[in-house]
Each structure stands twice: as C-alpha cells, then as structure tokens.
1. Take each of the peptides 122-135, 341-354, 372-385, average the number of other beta-carbon atoms within 10 Å over its residues, and list them starting from the highest.
2. Peptides 156-162, 14-20, 279-285, 217-223: what's the order by average Cβ count within 10 Å, highest mean first?
3. Residue by residue through region 266-276, which ³J(HN,Hα) values in whole Hz follow from phi under the Karplus form 6.51 cos²θ - 1.76 cosθ + 1.60 (θ = phi - 60°), with glycine and proline marked x?
4. Sort 269-277, 142-150, 257-265 by the packing proxy (mean of other Cβ within 10 Å over each peptide's residues), most packed first.
5. May I ask which of Lys178/Lys312; Lys254/Lys278; Lys383/Lys437 have a Cα-Cα span longer than 21 Å here?
6. Enumerate the amide H contacts of Asp325 below 5 Å, restricted to partners 5 or more residues apart or on another chain; note that Pro and chain-start residues carry no placed amide H.
7. At what distance in nm do the modelled label points of Gln127 and Asp309 sit from each other, each positioned 7 Å from its Cα along Cα→Cβ?
8. Along the Cα→Cβ direction, 7 angstrom out, place labels at Ser391 and Val300. What is the inter-label distance in nm?
Amino acid sequence: MPLPVVAIIGRPNVGKSMIANRLAETRDAIVFDEPGVTRDRTYRRAFWCDREFLVVDTGGLVFDDNTEFLPLIREQAMLALAESSAAIFVVDGQTGPTSGDATIASWLRQQPVPVLLAVNKCESPDQGITQAAQFWELGLGEPLPISGIHGNGTGDMLDLLLTHLPPAEEIIDSAEIKVAIVGRPNVGKSSLLNAFVGENRAIVSPISGTTRDAIDTLVEHGGQAYRLIDTAGIRKKKQVEYGPEFFGVNRAFKAIDRADVVLLVIDALDGVTDQDQKLAGRVEEAGRACIIVVNKWDAVEKDSYTIYDYEKDVKSRLNFLEWADVIFVSAMTGQRVEKILDLVTTAAEQHKRRVTTSVINEALEDAIGWHSPPTTRQGRQGKIYYGAQVSSQPPSIALFVNDPKLFNDNYRRYIERQFREQLGFSGTPVRLFWRGKKTREVERGGPNRATRV
C-alpha cells in the first residue's frame, strides 16, 4: 500500500511551507516573506507515532485570475487534494478570517477529503485560543491554534490527523534511484518531468523562473523506483537576485549533491552555452553520475548526419563530462523519454560498482604492456606496483607507484582511458589517486595527486 498523502492548502503567505518543514522535520521548502514563492506541489516524508505519510506543500490558492500563474497553481493544489487522504487548511491567526479564506473553505466543503483547520501564527498559547476562535465561522469544524515557527499545537493536530489516515501498514521501501533534473531556465526540465509522470506534475510556462523549489516525484519503470527531482533553472550568479530565485538555485545545487544520477538538460536550439559548461563542471566536481539530455530535438532541422555532428560538438564543449551518455529527446512529444530511465539505471549501477583488485591489476598489466611508463632524462622510470578500488559513488581507484612525479599528464590520461575501455564505468566519473611508495607522504600532503576520469 502506498504512503497516504496529506495536502497543505491555504492562501499565499499564511505559512504553509513553514508547517510542511515542521511536519517533515526538514527545511526543504523555500520560506520567504513574499506571496507566490511556492508554485508547484512538493512532497516530503513525515512521521508521527507509528505512522508514515507524505506531506504535500502547495502554492497559495487565490480564486482571482489576475496573473498567469494563479490558475496553474490552483490546478496543482487540486491535483494534490485529489490524491490525499486528508487536508490541512492553513489560515493566518494574526490577520483573522478573510474573504479568500471563506472562498477556499466553501470549496473545501464540497470535497470528499476530511479537512483540519490549522490557525497558524498563534505563538502565544493564551492568545492563540482567542485568535483561533475567529475561524469557527468558516464552517470546517474546530479551529486548531498552532505555530509553524515554534511547533506549538502541532502535536495535537497530528494526533487528530492520524484518525483520518489508513491504519499503519508495513511499508517496504524499494531501493530508489535519486535523479536530479538540472539546467538553465526554460530548457524543458519541468516538461521532461511531466513526460516521465504522464501528468502535469510541474507547472510549465515560457516565463523564466517558473519552477522555484526542488520538486520530488516518485515514478516506477521496469520494476525500478526513481525519485525525480525537478529544480529551478540555474542562471549566471550575477543575474540572480536575493530572494526566491536565490533559494531555488541553492536547492538545485543541493539536489545535485543528493542525487545518484544528474540529468543535465540542454536546449537543442541554443546548443551548449557557457552556463551549461559551468553546470557540467559542478556535476563533475560533485562526483555524480550524469546523462546529458538534449531536449527539443523535434524542433531541429536535421539530416542523417546531424545527430552525430551535434553529439560530437556536445562532447567537445562539455569535456568535463566526456564519459557521460548523450540522448536526444523531445519532452513535448515524448520522443525517447522512456529510454532516459534505462540510461539512468545503467549509470547508477556503474556509479556504485566495485571491481576486485585482481581485475584492476589485470587491466593495469595490459595497459603497461602496451605502453610503458615514461622515463626521465636522468634514467628514472615510473613504476606502478598495483591498484585497488578504495571507494564507490563515484568509483575511486588508488594506484601505488614509486613516485607520482614520474607520471606526466599524458600517461595519466592514458591509464584513465584504459580503465574506461577495459572496466567500463559508463555514465559515471572515476577518481584515480596516485600514491607514492612512502605512505608518510600522504599524511604530510606530499606529491600524491588525484585525477578524474
């Protein structure tokens, strides 16, 4: 049985994201004193007593279509409510009941989902009862005074919430692959997420900066569970002002760090930009597996050679990720979208793969047999004694040598290529650590250097 879902509904700026963070015991949702920060619906796991459930934070509901996003935000809130076992309607205890609250309450009374009325911003226990009493007029039962900041009253609210959730069941959590979808604004990240899910999971608009938070979505393909993380578009640092976009970009960087595999989405019409190159460097530095997704391929005029020339150009410009697979898709038409998850599965497996010491040394022996280590003018030759994998995610291999200084960059790259050809590791970076014969040099921060494949 899937985890029950609890939707958090309310006007803009009443503290829905603060309460979502409180219930999930995280700070994942962006909290900022500005209406409309949350737009899409975001899911997080929460626990109370013996029960586990998903908390869904939604955008502020306004039944006045005076901006482009309001109908789309309302659609996301309605989708969240449709899949929920219960809803928490959040109102502002300091402001008191408003016409907007009354409109939402009237709409909620028509829904089949049980609703808890949470009166937020009741920091004072004594005044909170008086503040909450004002909301009896909404006709949704007893108003519950709570504080999203301090946590006052949330325990009582959760006790009541459990009475509306299914009985506790043993949840077998499948090993999911975490996939971050990153890229510049308007390259089609949210459209790609919607294509995976088969519904309007994220708001899609030509306006740059539509997605602000990191949106987690669980999907299943071929018996494998994937947690897809849609992120805000990442612009150049100097163009990002402090506020919702600033926090959204930070969430995107954190999504890269917590992902197993990163989908770096590129606009086929724009080609690889300087910002794409910086993002590629960020992914490589984080040591994440990666798939380069060239979106909007349906809009490109092409012949039988276009795809090969384009891929060559992408690999050339994103040399940080020369080991990553490139796939050409159209999120709008769904072309090749499902094949992305097959590549993700392979990259994730390679990212956590371990190779035995004997296999690594067989590869080393073959490489040295074809091309011996270089010799200096003084007649000193580099010697590789043996290699061993020391960690995974990403795979990291230590090479024990007589002196790391004797191995120039060309020979290091040669060894890297040989490992790739003989051991695989497709779709993931590989770290090589060249360690000198004297282990004390490592402790002293000597000449040992790590190289990246």
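1. So the order, starting with the most tightly packed, is 341-354, 122-135, 372-385.
2. Answer by packing, highest mean first, reads 14-20, 279-285, 156-162, 217-223.
3. Each residue's phi maps through the Karplus curve to give 10, 7, 4, 6, 8, x, 6, 9, 4, 5, 4 Hz.
4. 257-265, 142-150, 269-277
5. Going by Cα-Cα distance, Lys178/Lys312 fall outside the 21 Å limit.
6. Ile292, Gly427
7. Each label point lies 7 Å from its Cα, and together they span 7.0 nm.
8. So the two model labels end up 3.6 nm from each other.
Readers should treat all values here as calculations from the given coordinates under stated rules, not as data from a laboratory. Predicted model only: the values in this text are computed from it and were never measured. Here Cβ is always computed from backbone atoms with ideal geometry, including for glycine, and neighbour counts include all displayed protein chains.
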